[in-house]
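Participant: For reference, the structure I am asking about is given below.
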Amino acid sequence: MQKRFRERCATFDIDQYVVSQGLNGLFHVLGEEERKIRTDPTARVTDLLKEVFSR
């Protein structure tokens, strides 16, 4: 059991994990904003958003 744990820890890359989790969070927030823009017309605050999402 300890050997398996050590092997798993040896291959764990904290930098890759942090970047991956950060990107997951970023895309989650972007998705929430897009959902709000698509469902709530008052969230379309710029002319570009109004043009793109009013089609």
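The values are calculated or read from the model by the stated rules, or taken from the named source; none is laboratory data. Every value quoted in this text rests on a predicted model; they were computed, and no experiment measured them. Cβ coordinates were reconstructed from backbone atoms using ideal geometry, including for glycine residues, and neighbour counts include every protein chain displayed. Calculation scope for accessible area: heavy atoms of the full protein, side chains included, ligands and nucleic acids excluded. Shrake-Rupley method; radii C 1.70, N 1.55, O 1.52, S 1.80 Å.
Participant: Classify the chain as rounded, prolate or oblate, taking a ≥ b ≥ c as the square roots of the eigenvalues of its Cα gyration tensor: rounded when a/c is under 1.5, otherwise prolate if a/b is larger than b/c and oblate if not.
Facilitator: Details: a/c = 6.52, a/b = 4.55, b/c = 1.43.
In terms of gyration-tensor shape, prolate.
Participant: Skip the ligands, DNA and RNA, and give the accessible area per residue of the chain with a 1.4 Å probe, whole Å².
Facilitator: Solvent-accessible surface per residue comes out at 96 Å².
Participant: Points 7 angstrom from Cα along the Cβ direction at Ala43 and Asn24: gap in nanometres?
Facilitator: In this crude label model, Ala43 to Asn24 measures out at 2.3 nm.
Participant: How far is it, in nm, from the label point at Phe53 to the one at Glu32 when both lie 7 Å from their Cα along the line to the Cβ?
Facilitator: According to this spin-label approximation, the distance is 1.5 nm.
Participant: Next up: For the chain, which whole percent of the accessible surface, found with a 1.4 angstrom probe, sits on carbon and sulfur atoms? Show your work: numbers first, answer last.
Facilitator: Working: 3060 of 5280 Å².
That share works out to 58 percent.
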